[in-house]
Amino acid sequence: MIPYGRQDISPADCDAVRAVLESDWLTQGPAVPRFEALLAERCGASAAVAVNSATAALHLACLAVGVGPGDVVWTSPNTFVASANCARYCGADVDFVDVEPDTRNLSVAALADKLARAKTAGRLPKAVIPVHFGGHSCDIAAIGELAAAYGFKVIEDASHAVGGSYRDRPVGSCRWSDVTVFSFHPVKIITTGEGGAALTRDAALANRMARLRSHGIVRDEAEMEGPPHGPWYYEQVELGFNYRLTDIQAALGASQLGRLDDFLAARRRIVAAYGEALGDLSAIALPVERPEVRSGWHLYPIQLTGDPSRRLPLFQRLRERGIGVQVHYIPVHLQPDYRRLGFAAGMFPVAEDTYARTVSLPLHPRLTEGDVARVVEVLREAIAELC
Ligand SMILES: *Cc1c(COP(=O)(O)O)cnc(C)c1O
């Protein structure tokens, strides 16, 4: 089976991990701050807080920007459940903003409309979490303008978009947002096994997220409420978590980050090959890239232009023939746990319609030209027969 995504681990990556294993520190050593500094520098943010998943980073970001009980947080329905769950961990409610049909990112027009209505109703969101679907940045400057006008925080879920850019600035720069979150799960663009990070330009937010990552404990006397009892002393000043990344993982992350440009180039080559080989097919629409965006190309989601009932047989045929397609995403509001909160089919029709039509083709740096040719051949045959 040709998988839709997978990691690419080099001998140098293994050496970096081995060096940590043979060192004094498996966790809370020098590899984590080094990885954080590299990430922040690469993205043009002032700080990065590395954690053990993007889910943890989203949770910390929500807490740091002040999301709590009684608040509401808005996100895209076309995402992995973690983008919405983070608000519920804080005791807040979740609502969704429908997506635009081509990028399948949160629609700025729908957001502006919903904000105007929420203002009248007196329930504006505390934070909005736009998701850069497939690696393609949302129109984050426009979202930032709405944030300034309506007074909400912006947390970018850039789990798919490590290495992407928008208006020539790296995703993660936080030029138009408060926090940007990355995932380093193995199917994403770079990996630490499990892992994630929250980037920001705001030193106070970075400090708060770093404290919450490790039990809400401080060791700096300036942050303590009482005098230290001695050199061993620390204080828990609020309730935090153990969301730490290990040094083993951080060393892998730093090594992978050094390979990011090669990964992005490989992904772009495959995307160009798919575009050339599939562009003439009227039965499918290929993913787009806006002029102001360089996508990280985490995913290659195609959409059937005709009868969506053909998606299931197409998916099955591709799987039977060894092509490891996937579907992104089951709209979050249709999950049973969200339906129980009052969400129902029909509420976010664009996310629902694009979900019904979509299949993600394999896309990762280890795909060979032969693999791509095979995907194209099987897909063209299946479309000719089934669509
Ligand atoms: C993968 C993913 C997450 C969660 O990432 P983890 O590192 O597995 O916690 C969150 N949001 C989106 C959009 C994702 O794709």
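The values are calculated or read from the model by the stated rules, or taken from the named source; none is laboratory data. From a predicted model like this one, the values you see are computed outputs, not experimental measurements. Cβ sites come from the backbone with ideal geometry, for glycine too, and all protein chains shown count toward neighbours. Just the protein is used for accessible areas: all its heavy atoms, side chains included, with ligands, DNA and RNA removed. Shrake-Rupley method; radii C 1.70, N 1.55, O 1.52, S 1.80 Å.
Every listed requirement among (1) more than 16 Å from the ligand (Cβ to nearest atom); (2) part of a loop (DSSP other than H, G, I, E, B) is met by Ser137 save one, (1).
Scanning segment 162-186 for residues that are in contact with a Lys or Arg (Cβ under 7 Å, 6 or more places away or on another chain) and either near the ligand (Cβ under 10 Å from one of its atoms) or of a type in the set (Gly, Ala, Ser) (or both) yields a total of 3. Residue pairs whose Cβ atoms lie under 7 Å apart, sitting 6 or more positions apart in sequence or on different chains, and linking a residue in segment 318-340 that is at positive phi to a partner that is buried (at least 21 other Cβ atoms within 10 Å of the Cβ), are Gly322/Ile2. Of all residues in segment 211-239, those being in contact with a strand residue (DSSP E or B) (Cβ under 7 Å, 6 or more places away or on another chain) and under 15 Å from Thr55 (Cα atoms) number 1. So which residues in segment 350-387 are open to solvent by 30 Å² or more (accessible area, probe 1.4 Å), in contact with an Asp or Glu (Cβ under 7 Å, 6 or more places away or on another chain) and not in a loop (DSSP other than H, G, I, E, B)? Residue satisfying the conditions is Val350 alone. Quick one: would you say Arg294 is surrounded by fewer than 20 Cβ atoms within 10 Å (Cβ to Cβ) and touching a residue at least 40 places away in the same chain (Cβ under 8 Å)? So Arg294 fails the test.
Restricting attention to segment 194-208 and to residues that are within 10 Å of the ligand (Cβ to nearest atom) and not hydrophobic (A, V, I, L, M, F, W, C), the residue that is nearest to Arg42 (Cα to Cα) turns out to be Gly196. Looking at segment 157-166, is at least one residue over 17 Å from Pro301 (Cβ atoms), of a type in the set (Asp, Glu) and either crowded, with 22+ Cβ neighbours inside 10 Å or in contact (Cβ under 8 Å) with a residue 12 or more places away in the chain (or both)? No, every residue in segment 157-166 fails to be over 17 Å from Pro301 (Cβ atoms), of a type in the set (Asp, Glu) and either crowded, with 22+ Cβ neighbours inside 10 Å or in contact (Cβ under 8 Å) with a residue 12 or more places away in the chain (or both). Can you tell me which residue within segment 46-80, out of those that are open to solvent by 30 Å² or more (accessible area, probe 1.4 Å) and within 15 Å of the ligand (Cβ to nearest atom), is nearest to Pro331 (Cα to Cα)? Per the stated criteria, the residue is Phe80. Can you say whether Val32 is of a type in the set (Val, Ile, Thr), at pLDDT 95 or above, more than 23 Å from Val179 (Cα to Cα) and out of contact with any His (no Cβ under 9 Å at 6 or more places or on another chain), as far as the supplied structure shows? Against the criterion (of a type in the set (Val, Ile, Thr), at pLDDT 95 or above, more than 23 Å from Val179 (Cα to Cα) and out of contact with any His (no Cβ under 9 Å at 6 or more places or on another chain)), Val32 does not qualify.
Scanning segment 197-240 for residues that are part of a loop (DSSP other than H, G, I, E, B) and closer than 28 Å to Gly163 by Cβ yields a total of 2.
Confirm whether Asp247 is buried (at least 20 other Cβ atoms within 10 Å of the Cβ), modelled with pLDDT of 95 or more, over 21 Å from the mean Cα position of the chain (by Cα) and more than 30 Å from Ala141 (Cα to Cα). It is true that Asp247 is buried (at least 20 other Cβ atoms within 10 Å of the Cβ), modelled with pLDDT of 95 or more, over 21 Å from the mean Cα position of the chain (by Cα) and more than 30 Å from Ala141 (Cα to Cα). Across segment 105-134, the qualifying residues are those that are buried (at least 19 other Cβ atoms within 10 Å of the Cβ) and of a type in the set (Val, Ile, Thr), and the one among them that is nearest to the ligand (Cβ to nearest atom) is Val131.
Comparison of Ala254, Ala250 shows that the only residue that is of a type in the set (A, V, I, L, M, F, W, C), in a helix (DSSP H, G or I) and under 30 Å from Cys90 (Cα atoms) is Ala250.
Here segment 144-156 is the region considered, the condition is being without any contact (Cβ under 8 Å) to a residue 40 or more places away in the chain and within 16 Å of the ligand (Cβ to nearest atom), and the residue that is farthest from the chain's Cα centre (by Cα) is Val154.
Listed by position, the helices (runs of 4 or more DSSP H) enclosed by segment 1-111 that each have at least 3 residues that are within 22 Å of the chain's Cα centre (by Cα) and among the small types (Gly, Ala, Ser) are 54-64, 82-89. I'd like to check something: does segment 6-22 contain any residue that is open to solvent by 20 Å² or more (accessible area, probe 1.4 Å), touching a residue at least 24 places away in the same chain (Cβ under 8 Å) and touching a strand residue (DSSP E or B) at 6+ places or on another chain (Cβ under 7 Å)? No, segment 6-22 contains no residue that is open to solvent by 20 Å² or more (accessible area, probe 1.4 Å), touching a residue at least 24 places away in the same chain (Cβ under 8 Å) and touching a strand residue (DSSP E or B) at 6+ places or on another chain (Cβ under 7 Å). Checked against (1) more than 15 Å from the ligand (Cβ to nearest atom); (2) in contact with a strand residue (DSSP E or B) (Cβ under 7 Å, 6 or more places away or on another chain), Arg244 passes all but condition (1).
The residue of segment 167-189 that is surrounded by the fewest Cβ atoms within 10 Å (Cβ to Cβ), among those that are within 12 Å of the chain's Cα centre (by Cα) and part of a loop (DSSP other than H, G, I, E, B), is Val187.
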